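First up is the structure itself, then whatever we jot down about it.
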Amino acid sequence: VAGRISDASLKAVRDAASIVDVVGSAVALRPAGSNRLTGLCPFHDEKRPSFGVAPATNLFYCFGCGEGGDVISFVSKLDGLNFAESVERLASRYNITLTYEGGGQVAHRETGKRQRLAEALTAAAEFYAEQLATPGARPGRDFLDQRGFDRAAAEQFGVGFAPGGWDTLTKHLRARGFSTDELTDAGLTKTASSGSPIDRFHRRLLWPIRETTGDVVGFGARRIFDDDPITAKYLNTPETILFKKSHLLYGADLARKAIAQRYQAVIVEGYTDVMACHLSGVETAVATCGTAFGEDHVKLLRRLLHDQDESRGEVVFTFDGDAAGRNAARKALQFDSRFVGQTFVAIESEGRDPCELRQAAGEAAVRELVAARVPLVDFALRATVEPFDLDSAEGRSGALRAAVPLLAGVRDRVLRNQYALRLSGWLGLELEQVQSQLTEHAGEPSTDARRSAPRPRERQPDDMAVAAEREAIKAALQRPGLTGPRFDALEAAHFSTEVHRELREAIATAGGVCSATDVPGWIARVATAIRSDETQRLVPALAVEPLQYEGDGEEHYIATVVDRLQELHIARRIRDLKARVQRTNPVTEGETFHRLFGELISLEERKRQLRERSLGPA
Ligand SMILES: [Zn+2]
């Protein structure tokens, strides 16, 4: 039985893996105020970012769905890994050698299954890339050459060649210590009818398909030999625990940064189109991997685009100009309403794909193709109307009926009116006719109404005291250096809710705010000191949520918040005292009355001082 990962190793991983880096490879992050970045949550569907990352605390938190935690829990939630696997994944990414407890003197490494499969796939990609230089791979090199891809291009995209022979790769990787089961689970090896393990791909040109992080998860394999018994032009790695084709976009690892910077993603159809686009300077190009563009691709793209109201991204589909292309465009239209930004289509007039275009007309032509994009709705409307005989009255009214549902799906009112006008022009109808059809159509429930409303945020504390307590605890966690002695002077009675008292106690148990040195370590100590799971789950939220002040008087703000807690606490005591004073008979209980009254006076005085301090010098 393998030991537990040592605390020293855990610390090394947490120190090395920055939350911005780890989250940033899956989600486009943008700065939001000092010390915070936001993006679209990968754990729930949202239009506006409620997902935040705080570099200083090395934690993330989503105010929409409540997911939160550190780098390890992020990897675990995103990739569906257990704790040890997540740590191992991060350790390998940051070149940290893990040590395990209970493994004696020897650093014992239990490698998670995913990790093993990922290593096998990386080794396979290297092997295949080397094979491309061998004499047997000549037809593969010719294929690339004929499409204008030189050796440097092949290397940049890691293009490889699966050699002949039944089990060349399988043998090679078994010699490197991978078991047949592992190779099978990675989709590299399959069982022949004879029962022996053989390579999945033979004599094909291969493109490694990677996660946005750059990890190889599978391959796309193109037929290049006429005598290849498998006639399918493309083969893919089968679905494995790593290769889920509906969630993958080829080129996303290379395009990720450009997509976030340019607020644009270009969807092309094949591996060679992605290569042609990137080499031509369209570095935002990606392609689906042997599957139609679908809902999961939308989610991935929106995350990479940071698609939301404030920064309208654009998604550009490229399709052939032929009937199949028009159909594909109509299908793509169903996703139009899923993006906040606009969807476009780039159609090459002679029906050439980006790879052919680059060869025939050069790299500038590829850039121009993308630049000359038209809104997808426009294109789809045209494609819908075209099959009708617009010279006949029946044809025109048929075209109108077919086009109205498309038009009704356009959310932007101004755009919708523009299209209505255009449609009326094409069909030779009055604008009013188109609009009345639209109104009739709108009688049915629109897709907008059915689209789920964003989940309500966690109820914000409405009580003034509770809000101030939350601010003070946030400050204690996020800015211990500015909060130290003031916060440590607070007592349990200064906090009005059970949860806040528990947090205050955990802070004390962890050594007090003054003992904090590095912020992530400090927060981890506090979290460990919390007894209830429910309260523990609050920690990422409190560590990431920005302090509610504006401007740069942070230290003054924190002092004011803590003073406010003192003041509210005194106000509560004054209220209680006044009630007791009223219940006391000054004649029969003279001594008690005077003591209570004296206390009341000094509390009122203390309250006045606090109030004056918080208002600052006159
Ligand atoms: Zn969320």
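Within segment 172-204, restricting attention to residues that are among the charged types (D, E, K, R) and surrounded by 14 or more Cβ atoms within 10 Å (Cβ to Cβ), the residue that is farthest from Asp273 (Cα to Cα) is Arg174. Counting only helices (runs of 4 or more DSSP H) that sit wholly inside segment 524-592, those with at least 2 residues that are among the hydrophobic types (A, V, I, L, M, F, W, C) are 539-544, 554-583.
Anything in segment 16-35 that is open to solvent by less than 40 Å² (accessible area, probe 1.4 Å), closer than 16 Å to Ala541 by Cβ and modelled with pLDDT under 90? List them, or say none. Within segment 16-35, Ala32 is the sole residue that qualifies.
Among the residues of segment 466-514 satisfying the criterion of being part of a loop (DSSP other than H, G, I, E, B), of a type outside the set (A, V, I, L, M) and open to solvent by less than 10 Å² (accessible area, probe 1.4 Å), which is farthest from Ala524 (Cα to Cα)? Restricting to residues being part of a loop (DSSP other than H, G, I, E, B), of a type outside the set (A, V, I, L, M) and open to solvent by less than 10 Å² (accessible area, probe 1.4 Å), the top hit is Phe495. Can you tell me which residues in segment 279-288 are surrounded by fewer than 24 Cβ atoms within 10 Å (Cβ to Cβ) and either of a type in the set (Val, Ile, Thr) or in contact with a strand residue (DSSP E or B) (Cβ under 6 Å, 6 or more places away or on another chain) (or both)? Once the filter is applied, which keeps residues that are surrounded by fewer than 24 Cβ atoms within 10 Å (Cβ to Cβ) and either of a type in the set (Val, Ile, Thr) or in contact with a strand residue (DSSP E or B) (Cβ under 6 Å, 6 or more places away or on another chain) (or both), segment 279-288 yields only Thr288. The condition of being open to solvent by less than 40 Å² (accessible area, probe 1.4 Å), in contact with a helix residue (DSSP H, G or I) (Cβ under 9 Å, 6 or more places away or on another chain) and part of a loop (DSSP other than H, G, I, E, B) holds for only one of Leu98, Leu117, that being Leu98. If you go through segment 395-426 and keep only what is assigned to a helix (DSSP H, G or I), of a type in the set (D, E, K, R) and in contact (Cβ under 8 Å) with a residue 40 or more places away in the chain, you end up with just Arg422. Could you tell me whether Val13 is modelled with pLDDT of 90 or more, within 28 Å of Leu254 (Cβ to Cβ) and within 15 Å of the ligand (Cβ to nearest atom)? So Val13 fails the test. Using the structure shown, decide if Gly187 is modelled with pLDDT of 95 or more and not in a helix (DSSP H, G or I). Yes, satisfied. Scanning segment 164-198 for residues that are touching a residue at least 24 places away in the same chain (Cβ under 8 Å) and among the hydrophobic types (A, V, I, L, M, F, W, C) yields Trp166, Leu169, Leu173, Phe178, Leu183, Ala186, Leu188, Ala192, Ile198. Could you list, in sequence order, all residues of segment 49-61 that are more than 11 Å from the ligand (Cβ to nearest atom) and open to solvent by 10 Å² or more (accessible area, probe 1.4 Å)? Correct list: Pro55, Ala56, Asn58, Leu59.
Of the listed requirements (1) more than 19 Å from Gln478 (Cα to Cα); (2) open to solvent by less than 40 Å² (accessible area, probe 1.4 Å); (3) within 8 Å of the ligand (Cβ to nearest atom), Phe74 misses just one: (3). For segment 525-548, filtered to residues that are touching a helix residue (DSSP H, G or I) at 6+ places or on another chain (Cβ under 8 Å) and open to solvent by 50 Å² or more (accessible area, probe 1.4 Å), the residue that is modelled with the lowest pLDDT is Gln548. In segment 124-140 there is at least one residue matching the filter, namely being acidic (Asp, Glu) and under 30 Å from Ala285 (Cα atoms). Screening the candidates Asp391, Asp378, Asp412 for the property of being exposed (fewer than 15 other Cβ atoms within 10 Å of the Cβ), modelled with pLDDT under 85 and more than 27 Å from the chain's Cα centre (by Cα) yields one hit, Asp391.
Of everything listed in (1) surrounded by fewer than 16 Cβ atoms within 10 Å (Cβ to Cβ); (2) under 14 Å from the mean Cα position of the chain (by Cα), the single unmet condition for Arg4 is (2). Taking the listed residues Glu85, Glu46, Glu67, Glu101, the one that is under 24 Å from Ala527 (Cβ atoms) and within 16 Å of the ligand (Cβ to nearest atom) is Glu67, with no other qualifying.
The values are calculated or read from the model by the stated rules, or taken from the named source; none is laboratory data. It should be emphasised that the depicted structure is a prediction, and the values quoted were computed from it without experimental measurement. So basically every Cβ, Gly included, is an ideal-geometry build from the backbone, and we count neighbours across all protein chains shown. Surface areas here come from the heavy atoms of the whole protein model, side chains and all, with no ligands, DNA or RNA. Shrake-Rupley method; radii C 1.70, N 1.55, O 1.52, S 1.80 Å.
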